[in-house]
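Just below is one structure, and these are the notes that go with it.
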């Protein structure tokens, strides 16, 4: 059974590569298209989370 992914249900933030505006997935998808709500640019990058994980080397 396939699951449909809804970006509005996640807490992911995206940054516009033109103006630098950081928006949530809810803000972006409310317009209908996947674009910056401030400058309407279509290229966004996902912002990394604030959690830093340390992994021991083997």
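Just to be sure I understand the model, the point goes 7 Å from the Cα along the line to the Cβ. What's the resulting residue 43 to residue 58 distance in nm?
Label-label distance for residue 43 and residue 58, simple model: 3.9 nm.
Taking the square root of 5 times each eigenvalue of the Cα gyration tensor, what semi-axes in Å does the equivalent ellipsoid of region 7-46 have, largest first?
15, 11, 7
By per-residue mean of other Cβ atoms within 10 Å, what is the highest-first order of 43-55, 18-30?
Answer by packing, highest mean first, reads 18-30, 43-55.
Every number in this text was worked out from the coordinates using simple rules, so none of it is lab data. Since the model is a prediction, treat every value here as computed from it, not as a measurement. No Cβ is skipped: glycine too gets one built from the backbone with ideal geometry, and neighbour counts run over all protein chains shown.
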